[in-house]
Each structure stands twice: as C-alpha cells, then as structure tokens.
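Student: The structure's right below; bear with me while I get my questions together.
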Amino acid sequence: MGTRHASYKLPEKLLYQRDSRVSEIFDELAKEVQSLRLETAKGLGFGAALVMAVAIPVWPHAYSRLRSIPTPEQINANRRFQHPERSTDPQVLLAEANRFFWLNNGPKAAPLYEKAESLFAQRGDARNGLYAKIGRLRSQAETMSFVDLSRFLQDQLDSPITRNDAQLRLWCLAAKGYTDIEIDYRAEKRDWLEAEQIANELGDERWSTRASGELGVIAFLEGDSWKAAKLLGAALLSTMANGDEGGEIRFLEMLGNGMEEVNRHSEALMLFQKAITLAEADTDSGLPFMAYEGKAKALAALGKPDEAKAMLEDAFAKARSQQKQGHAAQLLIILSKLAAQEGHPQQAILDLENAGQLAAGVRFYRIEADAMFELAKLYRDSGDLANAESRATQGLIASQLVGDRYYVPRNLTVLADLRARRGHFTDAEDLYEQAEDVIDGIIGADDSYWNSSIAAASQTYLQHFQLLVKLGDTAGAFRVIEGVRGRTLATALQDRKTASSSTPAQTTVLDADVAAIQTRLMQSADPAERQQLLDTLAEYEWRSRLAWNKGEHRFPTKSAPLYQVQDRLKPDELLLEYVLDEPNSICIVVSPHGAELHVLPVGRKQLSSAGRLWIGRRTRVSGNVRPAKNSLREIRRSDATTRRDSRCAGQNGCLLI
C-alpha cells in the first residue's frame, strides 16, 4: 500500500493584523506545523487531516497563549451592565440576549429575546422586533419542529425587510443554517455560503469564521473529509484568536466527533474535555451537550463504561430540564448502546424507542434514523424480524428526508438483510443495488484506488455478494466484486481519451448539480431512473474534474460485465477473484468458456498470508505474471475441489489474480 506525505500550511487569511501578538503567535504556529510531516496509508486520509487540523489547538503552549489574548469582544463583555435582564430598554436586552446566544446558552437568551421582542413591538420597531423574534425562535429551536422553523426563516429571507438589510439577513441566514443541518444539508450549505459572503462584505470576522467552520461540517457530509478537517481546524484557530468562546467550544466538539468517527478515541476525548472545561469555566456558557455525548462514547470505547454511563445520565437530566429534545434523544441512543453491551437488550430497546419518539417529535430526522437503525439491529438479534423491518423502514425514510449520504446506504443495507432473512430475495437484491448506486454516486469522482478503499469496507457489498453466492448467481456476484474494486477491470479493458479542459468558474454550478442528482439518487427506488442518474452524475463529475485541471484521469466507466471479461481472456488464461472473509473466503474462477463459485475453507488471514507467499515466489515473463511451479496448489491445497482450477491454465498458462 502506498503512503502519502502531507504538510500543512497555515492559511494566510488567519494571520490577523489587528493585534501584532496574534500575528506573532500564528507565525510561530505556522513554523511548528510546517515542520510536521505525516506519513499515512491512503485509507487513513481523514484521520491524517484531522490530526493536522487539531495540531495547533492541542499544542499546550500555543493554546494557552491564544486563549490569554484579551480581544476587544472580551473586553467589551467585561464592561456590560449590571443586571441587564432587569432593563426596560430593548436594545440592552437584545445585547445581553446576543451575548448568551454567542455562548450557546439558548435557555438564558430566549426570555431576553422575548422581552425585547415585546418592547420593540410596543415601539413599532418592526426590524428589531423581527431580529429579536428570530433569536428567540432559534434559542427555543429544540422545543419545536425544525422543518416549520426553517420554513418560517425562509419566508423572512424572502421578505423585503430582510432582503434590504444586510445585518438582519446575516442573522436570519445563520439561524436557518443552524436549523437546516438537521433536515437538509444542501439548504444549509446555501445558507452558510451566503452568510459567509455577507459577513466578509460587512467585515464581521466572527460570523465569517462561524460560517467557514459550518461549511467544514458540510464538507464532511458531502464526503470531502480533507476539506472538512482543514476548514474546521482553521475556524477553531480563528475563534481562539477573536474571543468567540461559544464558537471555539462548538468547533472543538465537531473536531472531536471527527476523531471519534475514525476511532481515534484518545484524541477525541482530549478535544471533548477541552470543550467541557472551557464551557464550565464560564457560568454564562451553555451546556456542551455534544461534548458530553462524545466524551461518553470515547470513554465507552476506551473500556470505561461506568464513567460513560454516569456522564450520560447526568447530561440527560440536564437536557430534559432545558427541553433539549434533540440532545436528549442522542443521549438515549448512547445509553442504549451501553445497556446492550452490558447484556440488557430490553432496556436498550426502551431507550431507543423513547429516543425515536423524541427525535420524531421535533423532526430531527438524522437522530431518528440513527435510533431506528440501532432498534432494527436489536429486534433482528432477538428474532423479531417483523419489528426489525418496520424500524429499518422508518429509519430509511428519515435518512432519505435529511439527505444523509453516509447513512442512507447503511439503512438500505440493514433493510435488505432483513428482507433476505424473511425470504424476500428479489426485494433484498433491489435494496442492495440501490445502496450500491448511492455509494457509487458518492465516491464516483475519486480515483479507482480510493474508491476501492472506501467500498471494500462497506458491509453493503459483502452482504450482497453473500446473498448472490447463496442464490448461485455467479455473474451477479462478479458484478458486485467489480463494484467494490472501483471498476478497475473496465478501465483496463478500454481506454478513453480525456476531454478538453473547462474553466474553474463552472465548478460552483456543477457542484450544485451533482448534489441535486445525488439527493435524487438516494431517494429513488426505480433501477432505470438510478442508472440514468448515475450516468448523468458521471458526466457532471468528469466535467468538474476538468474544471479543476484534473483531466489526466480517465472518464468514469461502468463495471465490466462477466461476458466482456470472458471475451477478453485468452484461451490459456484464467481470472481469479477473491472475496476474503471469516471463517470462509470465496473465489470466482473465470475462464473464456465459463465461471464458477468456490467456497474456500480458509479465512482472510490465512489466504492473505498464502497470497503474499505466492507473490514473493512469482516470476515475470514478457510482462505477464506467471506463478512458480505448484504455487497455486500451495495457496489452495486445503480445498480439493478447487485444485483442479490450477490445471486448467496448464504449465505455460497465464494466471490473472
């Protein structure tokens, strides 16, 4: 496996000129980070990106120096009025509400916004009344439907008063961006892109940083994990420098979640603890529920379930007292996993059912989908396939509504497995194919090696392959393998010339088109429509490549069908395709005249070891790979039924693996 050498250069836009001490620190940090070189397997790219993204924030000397700089915002905060909540001046109330808002403290901000809204209404001040109302609704968001709130905010964005007032529009866009993350990340992306543009035009550094960080979260949802880590890391640095404590806490939580996603539990724990410590040091700060959730998951993964459970139960009580329904639901999901690990499946089921109800009540589709996914697995393991299928179906609908590219294939796969277990094989095949189409639509723009790294880790392909083997469908099984391998055979069988280059200005439009097509792909159950969407997606992604001067990559091609591979094999050639699993692996033997499936009585580890032995003893003759005498027999000597395949090619035959 190849390696990647990566270095990180601190973006110049982060070198603030308003305070020479900040610039000096960033210069020092840049030198420190530029000396960092990471050598990592390509499949660990996201982990490497995250490590680089948090390299500066976790450097203790740098962290303490950045946090010690008294920015103007911090100084002004220390000069606020005594007991401003008692004021009858709506401007004073609004300023204090905004202070709590920036500290992620909705429960304290909401009543101040409400009082200011009423006073502005009495004065006939519609503009500031709307500003206060937006703040109140956003602060109370988890007590209402996010869909309804997003619709209200869009109506305000379409109104003349907001179209003609840049600051009010920025405020409304930010509120909508924070709302849309739970229901439609594509709309959220539009919100934050416009918010970032307006903030830059207004010279509003804090909102510009917040928008950039949220766009980093969106990049992760879009599958661009390298960009996500870089944007989030840069945003974290900026919040540390400009005194945005609430933003710093949020981005520490987000980066911690990223570390947890790639199973770097110790690093995740450190980031979550920093967020918690920072929030608890300021009595006006809101409770860092994401950090509580993430820390509990990291503790559980590190073998400390008792500490995790105590933290979760305490956080759950706080979430319910503050009517944080979304956080309460997420905490119940984590508690359910601990209950299942401790051998209490009924308690786990009860927690998940309650989590699903809480999430559905406020239309938190992503959390609802997660709860239903876990429920489906528990019901399946208990033998209740009917309830398992019902919950999996509900979870799939929720994940399709939010357009979550990572979890739609997962939920389709679970439902397909349940249909197969109940004997509905045709339905199961359709669902597996739909899941694979969605995966292909997500990763189709990457190079074939990277595609293979992602796809090979997916249970979707393995479970689909196992079903086709069970049904004796050799051609179908071969097609699934080719899908996992990133269509490498198809690329080898035909060569396509690259098209002429486009201009980078096209990429914004193309990216929007790609996102729209991927969403339709996730929601479509029609195979013909999905194929048409995949074809269109391939064209758009290729045009996007060319726009960024990457025309050296070949045009994405479909998987090579079995008959085409057989037609291209020479009479003395065999092609062996292996699917490694435990305790048995499977080999597809393809010749010009037929194909067979063979179950091997050896698992992944043993077969991989034998394969390395064979490769080490091979010889190369005229560009062909020829095995040493009896090497194939050495690899598969434990299976008498497959040893005859080595004789098919003959002593002088060419064996393709």
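Student: Would you say Ile397 is surrounded by 18 or more Cβ atoms within 10 Å (Cβ to Cβ) and either β-branched (Val, Ile, Thr) or not in a helix (DSSP H, G or I) (or both)? Walk me through how you get there before you give the answer.
Tutor: Numbers: surrounded by 18 or more Cβ atoms within 10 Å (Cβ to Cβ): no; either β-branched (Val, Ile, Thr) or not in a helix (DSSP H, G or I) (or both): yes.
No: the conditions fail for Ile397.
Student: Right, another one. Counting just the residues of the range 251-267 that are surrounded by 22 or more Cβ atoms within 10 Å (Cβ to Cβ) and small (Gly, Ala, Ser), which one comes out nearest to Ala296 (Cα to Cα)?
Tutor: Going through the qualifying residues, I end up with Gly256.
Student: Please verify whether Ala428 is in contact with a Phe, Trp or Tyr (Cβ under 9 Å, 6 or more places away or on another chain), among the aliphatic types (A, V, I, L, M), assigned to a helix (DSSP H, G or I) and modelled with pLDDT of 90 or more, treating the condition exactly as stated. Write out each step before concluding.
Tutor: Numbers: in contact with a Phe, Trp or Tyr (Cβ under 9 Å, 6 or more places away or on another chain): no; among the aliphatic types (A, V, I, L, M): yes; assigned to a helix (DSSP H, G or I): yes; modelled with pLDDT of 90 or more: yes.
Against the criterion (in contact with a Phe, Trp or Tyr (Cβ under 9 Å, 6 or more places away or on another chain), among the aliphatic types (A, V, I, L, M), assigned to a helix (DSSP H, G or I) and modelled with pLDDT of 90 or more), Ala428 does not qualify.
Student: Same structure again: Can you tell which of Arg206, Arg169, Arg163 is closer than 26 Å to Ala132 by Cβ and in contact (Cβ under 8 Å) with a residue 60 or more places away in the chain? Walk me through how you get there before you give the answer.
Tutor: On the way: Arg169 fails: in contact (Cβ under 8 Å) with a residue 60 or more places away in the chain; Arg163 fails: in contact (Cβ under 8 Å) with a residue 60 or more places away in the chain.
Going through Arg206, Arg169, Arg163 in turn, just one is closer than 26 Å to Ala132 by Cβ and in contact (Cβ under 8 Å) with a residue 60 or more places away in the chain: Arg206.
Student: Then there is this: For the range 437-446, check the following and say yes or no: at least one residue is modelled with pLDDT of 50 or more and among the charged types (D, E, K, R).
Tutor: First, pick out the residues of the range 437-446 that are modelled with pLDDT of 50 or more: 437-444.
Now drop any that are not among the charged types (D, E, K, R), which leaves 437, 440.
Among the residues of the range 437-446, at least one is modelled with pLDDT of 50 or more and among the charged types (D, E, K, R), which makes the answer yes.
Residue by residue, here is whether (1) at pLDDT below 85; (2) in a strand (DSSP E or B) holds:
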residue	(1), (2)
Asn549	yes, no
Ala560	yes, no
Tyr563	yes, no
Pro571	no, no
Leu574	no, yes
Glu582	yes, no
Val590	no, yes
Ser609	yes, no
Val625	yes, yes
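Student: Could you list, in sequence order, the residues of the range 565-580 that are exposed (fewer than 15 other Cβ atoms within 10 Å of the Cβ) and either within 19 Å of Gly476 (Cβ to Cβ) or of a type in the set (S, T, N, Q) (or both)?
Tutor: Passing the criteria: only Asp567.
Student: Take the conditions surrounded by fewer than 22 Cβ atoms within 10 Å (Cβ to Cβ), without any contact (Cβ under 8 Å) to a residue 60 or more places away in the chain and of a type in the set (A, V, I, L, M, F, W, C) and apply them to Ala175. Does it pass? Break it down into steps so the answer makes sense when it comes.
Tutor: Details: surrounded by fewer than 22 Cβ atoms within 10 Å (Cβ to Cβ): no; without any contact (Cβ under 8 Å) to a residue 60 or more places away in the chain: yes; of a type in the set (A, V, I, L, M, F, W, C): yes.
Taking the combined requirement at face value, the residue does not satisfy it.
Student: Something else now. Only one of Ser212, Ser225, Ser208 is of a type outside the set (A, V, I, L, M, F, W, C) and under 15 Å from the mean Cα position of the chain (by Cα); which? Can you show your working first?
Tutor: Details: Ser212 fails: under 15 Å from the mean Cα position of the chain (by Cα); Ser208 fails: under 15 Å from the mean Cα position of the chain (by Cα).
None of the others qualify; the one that does is Ser225.
Student: Looking at Leu350, Leu335, Leu287 in this structure, which one is among the hydrophobic types (A, V, I, L, M, F, W, C) and within 24 Å of the chain's Cα centre (by Cα)?
Tutor: Numbers: Leu350 fails: within 24 Å of the chain's Cα centre (by Cα); Leu287 fails: within 24 Å of the chain's Cα centre (by Cα).
It is Leu335.
Student: Also, I was wondering about something else. Within the group Gln400, Gln346, which residue is out of contact with any helix residue (DSSP H, G or I) (no Cβ under 8 Å at 6 or more places or on another chain) and among the polar types (S, T, N, Q)?
Tutor: Values: Gln400 fails: out of contact with any helix residue (DSSP H, G or I) (no Cβ under 8 Å at 6 or more places or on another chain).
The match here is Gln346.
Student: Starting from the range 100-127, keep only residues that are touching a residue at least 60 places away in the same chain (Cβ under 8 Å), then list their pairs with residues that are surrounded by fewer than 22 Cβ atoms within 10 Å (Cβ to Cβ) and in a helix (DSSP H, G or I) whose Cβ atoms are within a distance under 6 Å, requiring at least 6 positions of separation or different chains.
Tutor: Within 6 Å, the pairs are Phe100/Lys108.
For (1) in contact with an Asp or Glu (Cβ under 7 Å, 6 or more places away or on another chain); (2) within 21 Å of Phe272 (Cβ to Cβ); (3) crowded, with 23+ Cβ neighbours inside 10 Å, each residue gets a yes or a no:
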residue: Ala228; (1), (2), (3): no, yes, yes
residue: Ala234; (1), (2), (3): no, yes, no
residue: Met240; (1), (2), (3): yes, yes, yes
residue: Gly246; (1), (2), (3): no, yes, yes
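Student: So, one more: Return the residues of the range 184-212 that are in contact with a Ser or Thr (Cβ under 6 Å, 6 or more places away or on another chain) and more than 18 Å from Trp102 (Cα to Cα); say none if nothing qualifies.
Tutor: Scanning the range 184-212 gives a single hit, Asn200.
Student: Do we find a residue being buried (at least 24 other Cβ atoms within 10 Å of the Cβ) and closer than 14 Å to Asn104 by Cα anywhere in the range 210-224?
Tutor: Within the range 210-224, one or more residues are buried (at least 24 other Cβ atoms within 10 Å of the Cβ) and closer than 14 Å to Asn104 by Cα.
Student: State yes or no: is Asp370 farther than 22 Å from Leu401 by Cα, crowded, with 24+ Cβ neighbours inside 10 Å and out of contact with any His (no Cβ under 9 Å at 6 or more places or on another chain)? Break it down into steps so the answer makes sense when it comes.
Tutor: Working: farther than 22 Å from Leu401 by Cα: no; crowded, with 24+ Cβ neighbours inside 10 Å: yes; out of contact with any His (no Cβ under 9 Å at 6 or more places or on another chain): yes.
Against the criterion (farther than 22 Å from Leu401 by Cα, crowded, with 24+ Cβ neighbours inside 10 Å and out of contact with any His (no Cβ under 9 Å at 6 or more places or on another chain)), Asp370 does not qualify.
Student: Restricting the search to the range 334-352, which residues are farther than 14 Å from Lys377 by Cβ and surrounded by 14 or more Cβ atoms within 10 Å (Cβ to Cβ)?
Tutor: At the first step, the residues of the range 334-352 found to be farther than 14 Å from Lys377 by Cβ are 334-335, 338, 342-344, 346-347, 350.
Hits for the range 334-352 are Ile334, Leu335, Leu338, His344, Gln347, Leu350.
Student: Ok, one more. Can we say Phe152 is under 35 Å from the mean Cα position of the chain (by Cα) and hydrophobic (A, V, I, L, M, F, W, C)?
Tutor: Working: under 35 Å from the mean Cα position of the chain (by Cα): yes; hydrophobic (A, V, I, L, M, F, W, C): yes.
Criteria met by Phe152.
Student: Here's something else I'd like to know. Do we find that Leu173 is farther than 14 Å from Ala235 by Cβ, at pLDDT 95 or above and either of a type in the set (Gly, Ala, Ser) or in contact with an Asp or Glu (Cβ under 8 Å, 6 or more places away or on another chain) (or both) in this structure?
Tutor: Details: farther than 14 Å from Ala235 by Cβ: yes; at pLDDT 95 or above: yes; either of a type in the set (Gly, Ala, Ser) or in contact with an Asp or Glu (Cβ under 8 Å, 6 or more places away or on another chain) (or both): yes.
Answer is yes for this residue.
The values are calculated or read from the model by the stated rules, or taken from the named source; none is laboratory data. Please read these numbers as outputs of a predicted model, since none were measured by experiment. Cβ atoms come from the backbone with ideal geometry, glycine included; neighbour counts cover every protein chain shown.
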